[in-house]
Amino acid sequence: MKKFSVFFAFLFLNYPLLIAQNIQSPEEFLGYELGTQFTRHANVVDYFEHVSKNSDLVQYHTYGKTYEQRPLTYAVISTEANMGNLEDIRNNHLRNTGMESGTYSKSGEKAIVWLSYNVHGNESSSTEASMQTLYELVTSEKDLLENTVVIMDPCVNPDGRDRYANWYNQVKTTPYNTSPLAVEHNEPWPGGRPNHYLFDLNRDWAWATQVETQQRIKVYNQWLPHIHVDFHEQGINEPYYFAPAAEPFHEIITPFQREFQTEIGKNHARYFDEEGWLYFTKERFDLLYPSYGDTYPTYMGAIGMTYEQAGGGGAGLGVDTREGYELSLVDRVQHHHTTGISTVEVAASNVTKLNSAFNEFFSNNDAEYKSYALNGDPDKIAALKDLLDRHEISYSTAASGKISGYNYNQNRSDFVANENTLVVNSDQPKGKMVKVLFEPAAKLSDSLTYDITAWSLPYAYGLEAVASSKAVNENSSPATVASVSNSANPSGAGYVTKWTSMQDARFLADLLNEDIRVRFSETAFENNGQKFGPGSLVITKSDNRTTDDFDAKVVAIANTHNRQLTAATTGFSTSGPDFGSPQVKMVNAPRIGVIRGDGISSLNFGEIWHFFEQQLEYPVTPIETEYFSRVDLEKLDVLILPSGYYTSILGKNELNKLTAWVRSGGKVIAVGNSVKHFAGKEGFELKENKKETQKDTSKTGNLTPYDQREREGIMETITGSIVKTNVDQTHPMAFGYDDNYFSLKLSTDSFSLLENGYNVAYLQDDPEIVSGFAGSEAKGIIENSLTYGVEPMGRGSFVYLVDNPLFRAFWENGKLFMANAIFFVNNDDLSR
């Protein structure tokens with residue numbers, strides 16, 4: 001009996017050691033040293049599962065799946081005692097922010113650190129580093145966990161990572177080749193950086209258009225960590241970047257957030273200096289655009305930081321740098337591992353300070369605007385509510401009456417609230433994020449910035465809005481969207497419905513997919529005592545005589561999309577065109593192709609691809625540039641050209657072929673800088689505006705000092721600014737829009753107004769830039785320029801979308817221009 005007592009005492013005293021001995025290191029588990037191979041995502045998942053099964057310090061969860069069905073996972077790591085009390089720790093932490101009711105307990109406070117790896121698939125060293133960091137946190141570094149909870153997402157972008165890793169493993173030499181000329185250092189299009197739909201997930205945090213983001217922020221908002229690190233890679237000749245960040249900082253970032261970044265950076269520097277590793281800080285990577293993996297957490301109270309290791313898709317297992325040394329994956333892994341552990345170390349030493357500052361961030365709100373009130377199309381209001389729900393931002397409806405403040409439409413007319421007016425107050429725990437997303441214009445401390453400088457949601461969603469310095473009176477019971485329940489009317493002439501939003505476009509797409517024939521009216525009309533605007537959809541029994549259960553099908557589809565149908569007892573209109581009028585045109589179901597491949601912007605192709613598959617839900621055929629010259633265009637009705645460089649794609653013969661197809665009834669939709677390819681070409685009216693603002697330095701030379709050249713260069717640039725355009729509402733491409741449209745302008749590309757074609761949206765003298773940075777000479781460049789236009793050619797047309805309406809899928813109000821271009825422009829005759 002005594003022997004058994006001694007044995008159990010031995011087990012009790014040595015249990016943690018025995019468990020630790022069962023945890024294999026990444027090298028032992030994988031069978032190779034980290035950094036000598038790229039680990040497939042499935043094997044990374046296997047290793048995290050192994051550690052969680054063999055350690056009481058780890059819980060490992062799946063929070064979703066990618067578009068390609070790879071698991072999205074995260075691990076929670078802390079001491080055994082903390083893990084047994086994890087929900088209490090999480091809830092207590094949220095009470096400190098005001099997101100959870102109840103009394104906050106200072107005695108139970110911990111530091112919450114979230115480490116996100118591999119958001120860009122080909123910046124692959126960080127996922128390798130995550131395995132080593134996990135291993136050491138539960139073994140040699142577990143003392144750091146006493147008052148710390150660490151959350152690790154080992155791979156934010158599994159689809160992109162596996163795209164890169166699988167390609168690299170296919171083409172690399174053995175042993176690997178360090179020459180930058182080698183194929184293993186030159187990724188093919190589209191590269192491993194983006195996700196399945198070729199979106200940059202590091203620009204999607206705030207907009208949450210991708211499933212990876214949508215599922216991740218659910219978990220993120222359950223924790224709201226004190227510190228968030230986004231691990232990246234940069235060019236092979238840059239050493240390592242860590243915080244503090246560069247200007248501009250958004251004005252809501254607190255002094256503590258600035259100072260604590262520096263404290264963390266100094267700790268990293270201590271380790272890097274000991275090892276003789278180079279690094280830089282305070283350059284290049286700013287904290288302004290709200291949809292990054294450092295800024296979004298920052299605006300949610302965290303110390304949000306980007307860490308950038310030399311590497312990326314051109315680095316492979318090892319590559320020669322211009323400084324004469326080999327940059328190896330082994331070294332890249334070690335650097336990211338070091339900063340990860342260093343971050344946790346600083347957090348563990350500053351628990352009280354972090355919690356105190358966190359409470360202050362969420363408690364103090366001295367925003368200039370106390371409330372944002374919004375009116376507009378119910379579908380657009382609903383879409384904005386969906387976004388706010390994702391971020392757990394509260395909203396309500398306004399009490400009726402006039403609201404004074406800054407009018408976003410700048411027409412100085414009174415803003416009158418009604419029972420459907422949406423109100424978002426800044427007096428809430430996430431009030432600082434409300435300010436960032438809704439403020440009319442972000443203040444810039446420095447015009448040299450890394451991304452767009454304007455994103456205000458009222459403009460993005462096409463809503464009338466006012467920002468009030470006083471809290472707006474709210475209704476006690478917020479309005480809810482009623483579900484539509486249409487009934488069939490077999491004895492009538494058909495059905496009519498409005499056209500004002502993307503939800504209407506999705507409804508039309510579904511009807512066409514189900515072989516229901518649909519018309520649209522080019523002018524306003526009145527039928528059965530109801531008025532309908534241009535673009536209204538007319539679904540007649542006459543057009544669908546061969547459709548079985550026509551009424552039931554139309555009603556079912558309308559109910560699915562929550563579209564209100566008006567049953568028309570007759571096709572005879574009280575005013576305006578009758579249903580059989582030439583002004584009520586057929587919407588033929590178009591066969592659509594979109595170009596992809598070398599020379600094409602993978603991001604813009606992805607935006608278009610995602611638009612069709614995930615938003616419009618209408619079929620599209622991707623066509624590779626490699627074989628485009630051999631494509632039979634007669635099998636298409638619409639060809640979309642994403643932003644890109646078309647010199648080698650559309651040579652003389654290919655352009656002649658394309659224009660002949662258009663003349664016979666085809667339609668080209670050119671997006672972004674693809675428009676440039678047609679400017680000035682023979683047979684085209686489109687021309688680029690000449691830049692007359694540039695100084696003539698042919699005689700004097702350019703005497704701008706070296707250190708001022710970069711700043712001098714931005715005088716003629718626009719970095720994602722919002723401009724107010726004029727709109728020809730009578731053109732089918734503008735149906736559903738007002739006489740002004742706020743466009744997100746990404747460059748100073750400028751094309752003259754069309755004389756014979758149609759200027760659908762355009763800028764005139766002294767264009768109004770309502771938000772964002774524009775260089776001092778940029779306004780002159782874009783004066784009297786085309787934003788969206790149509791150039792007829794024979795029976796077909798070229799549609800020019802100079803500003804990309806699908807940018808990052810977040811500019812909600814631009815999407816209907818694309819739908820109109822597809823379904824309404826030159827689409828009533830597909831009889832080639």
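With a 1.4 Å probe and every protein chain left in place, work out the accessible area per residue of the chain in Å², rounded to a whole number.
Details: 33360 Å² over 832 residues.
That works out to 40 Å² per residue.
Amide H contacts of residue 640: 593, 594, 595, 669, each under 5 Å away and 5 or more positions distant or on a separate chain (H built 1.01 Å from N in the peptide plane; Pro and chain starts excluded).
The angle between the Cα long axis of helix 378-390 and the main principal axis of the chain comes to about 0°, on a 0 to 90 degree scale.
In the range 219-330, carbon and sulfur make up what percent of the accessible area (probe 1.4 Å)?
Details: 1630 of 3380 Å².
Whole-percent figure for carbon plus sulfur exposure: 48.
With a cap of 15 neighbouring Cβ atoms within 10 Å, and only residues DSSP puts in a loop, list the chymotrypsin sites (Phe, Trp or Tyr not before Pro) found in the range 316-384.
325
Helix 329-348 and the long axis of the chain differ in direction by around 80°, with both axes built from C-alpha atoms. The sum of -39500 (n - 2.57) across all DSSP H runs of n ≥ 4, divided by the residue count of the chain, sets its helix-only mean residue ellipticity at 222 nm to -9000 deg cm²/dmol. Specify whether the C-alpha gyration tensor of the range 729-789 places it in the rounded, prolate or oblate class, a ≥ b ≥ c being the square roots of the eigenvalues: rounded for a/c under 1.5, otherwise prolate if a/b is larger than b/c and oblate if not. Oblate is the answer for the range 729-789, as a/c is 1.5 or above yet b/c matches or exceeds a/b.
Under 1.5 on a/c is rounded, so check that first for the range 592-664, then, if it is not, pick prolate when a/b is larger than b/c and oblate when it is not; a ≥ b ≥ c are the square roots of the alpha carbon gyration tensor eigenvalues. In terms of gyration-tensor shape, oblate.
Heavy-atom accessible surface of residue 610, to the nearest 10 Å², is about 10 Å², with a 1.4 Å probe and all protein chains retained. Counting only residues at least eight positions apart within a chain, or on another chain, the lysines with an alpha carbon under 17 Å from that of residue 282 are 266.
Can you match Rg/Rh (Cα atoms, Kirkwood Rh) to one of these, (i) 1.11; (ii) 0.99; (iii) 1.17, based on a calculation from the structure here? Computed from these coordinates, Rg/Rh (Cα atoms, Kirkwood Rh) corresponds to label (ii). Label separation (residue 706 vs residue 389): 5.8 nm, computed from points 7 Å beyond Cα along the C-beta direction.
Reported to the nearest whole Å, the Cα centre-to-centre distance from the range 584-662 to the range 53-95 is 44. In this model, which of 635/681; 745/815; 380/815 are farther than 21 Å apart at the alpha-carbon? Violating the 21 Å limit, Cα to Cα: 635/681.
Comparing Cα centroids, the range 262-338 and the range 720-796 end up 40 angstrom apart.
Each residue of the range 79-87 is assigned a 3J(HN,Hα), and the resulting list reads 5, 4, 5, 5, 5, x, 10, 5, 5 Hz, derived from the Karplus form 6.51 cos²θ - 1.76 cosθ + 1.60 (θ = phi - 60°), x at Gly and Pro. For the chain, the longest principal axis of the Cα atoms and the long axis of helix 211-223 meet at an angle of about 50 degrees.
The values are calculated or read from the model by the stated rules, or taken from the named source; none is laboratory data. Fair warning: this is a prediction, and the values are worked out from it, not measured in the lab. Every residue, glycine among them, receives a Cβ derived from its backbone with ideal geometry; neighbour counts consider all protein chains shown. Keep in mind that these areas ignore ligands, DNA and RNA; they rest on the heavy atoms of the full protein, side chains included. Shrake-Rupley method; radii C 1.70, N 1.55, O 1.52, S 1.80 Å.
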